[in-house]
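Undergrad: First, the structure itself, so that you have it in front of you.
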Amino acid sequence: MSSRVFHILAQKGRTVITVRADDPILSVAATLARHNIGGAPVLGPDGQLVGLVSEKMIVHALSRHGADITTLTAGDIMARDIPTATPDDSIYDIACRMTYSRNRHVPVLENGKLAGLVSIGDIVKLRAENAEQEAQELQDYVTGSDHAAVQPPNDVPPMQCGRKQD
């Protein structure tokens, strides 16, 4: 079974921190920092997705405009042509879109409305968890059968993604 975007949304939730196209860049930077996120979808006056702004875009704008960055808005620096996803899209397809577009965030749309946001970190976390689960299943299969060629270590618990090992 291939993992889908809805698997990530079920794990992390559908709450999305957004900014408005007319928000000043300093306000956008403060929002990203406050929520410890690297990017946010940009919404227009009608609440529709119009782009995406990221830390990288803010740094590029700062290098181009210097102190004048304070006069810019999210709409001035946002990426307009961004890949989007649906809840049924495969994680592999989303990872490919991120790679080719060089975006670390992909807004998820459902019936034309913003329904979530998938980041590269979300994909890495899911892939790591899936790999750990598959490895455990294979180990259980081998050690649970009469093929006891591989014995699990008794004193080392498996590390879980997102948790520090003691």
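The values are calculated or read from the model by the stated rules, or taken from the named source; none is laboratory data. Please read these numbers as outputs of a predicted model, since none were measured by experiment. FYI the Cβ positions are ideal-geometry reconstructions off the backbone, even for glycines, and counts take in every protein chain you see. Remember, those area values only see protein heavy atoms, side chains included, never the ligands or the DNA or RNA. Shrake-Rupley method; radii C 1.70, N 1.55, O 1.52, S 1.80 Å.
Undergrad: Given the criteria modelled with pLDDT of 95 or more, touching an Asp or Glu at 6+ places or on another chain (Cβ under 8 Å) and within 30 Å of Leu126 (Cβ to Cβ), does Gly51 qualify?
TA: On the way: modelled with pLDDT of 95 or more: yes; touching an Asp or Glu at 6+ places or on another chain (Cβ under 8 Å): no; within 30 Å of Leu126 (Cβ to Cβ): yes.
No; evaluated as a whole, the condition is false for this residue.
Undergrad: What pairs come out if I take residues in the stretch 129-142 that are farther than 17 Å from His7 by Cβ and pair them with residues that are open to solvent by 60 Å² or more (accessible area, probe 1.4 Å) and not in a helix (DSSP H, G or I) whose C-beta lies under 7 Å away, six or more apart or interchain?
TA: From the stretch 129-142, the pairs are Gln136/Pro158; Gln139/Val150; Val142/Ala149; Val142/Val150.
Residue-wise test of (1) open to solvent by 20 Å² or more (accessible area, probe 1.4 Å); (2) small (Gly, Ala, Ser); (3) in contact with a Ser or Thr (Cβ under 9 Å, 6 or more places away or on another chain); (4) in contact (Cβ under 8 Å) with a residue 12 or more places away in the chain.
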site: His7; (1), (2), (3), (4): yes, no, no, yes
site: Ala10; (1), (2), (3), (4): yes, yes, no, no
site: Val16; (1), (2), (3), (4): yes, no, no, yes
site: Ala21; (1), (2), (3), (4): yes, yes, yes, yes
site: Asp46; (1), (2), (3), (4): yes, no, no, no
site: Leu52; (1), (2), (3), (4): no, no, no, yes
site: Ala67; (1), (2), (3), (4): yes, yes, no, no
site: Thr70; (1), (2), (3), (4): yes, no, no, yes
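Undergrad: Residue by residue through the stretch 110-130, note down the ones that are more than 10 Å from the chain's Cα centre (by Cα) and open to solvent by less than 60 Å² (accessible area, probe 1.4 Å). Step through it out loud before you land on a result.
TA: Filtering the stretch 110-130 down to residues more than 10 Å from the chain's Cα centre (by Cα) leaves 110-115, 126-130.
Scanning the stretch 110-130 gives Gly112, Leu114, Ala115, Leu126, Ala128, Glu129, Asn130.
Undergrad: Among the numbered criteria (1) more than 16 Å from the chain's Cα centre (by Cα); (2) aliphatic (A, V, I, L, M); (3) surrounded by fewer than 20 Cβ atoms within 10 Å (Cβ to Cβ), which one does Leu32 miss?
TA: Every listed condition holds for Leu32 apart from (1).
Residue-by-condition table, conditions (1) in a helix (DSSP H, G or I); (2) under 30 Å from Glu129 (Cα atoms); (3) basic (Lys, Arg):
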position	(1), (2), (3)
Ile8	yes, yes, no
Gln11	yes, yes, no
Thr15	no, yes, no
Ser27	yes, no, no
Ala33	yes, yes, no
Ala40	no, yes, no
Val50	no, no, no
Lys56	yes, yes, yes
Ala61	yes, no, no
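Undergrad: Out of all the residues in the stretch 85-109, which are surrounded by fewer than 17 Cβ atoms within 10 Å (Cβ to Cβ) and outside any helix (DSSP H, G or I)?
TA: Passing the criteria: Thr86, Asp88, Ser90, Arg102.
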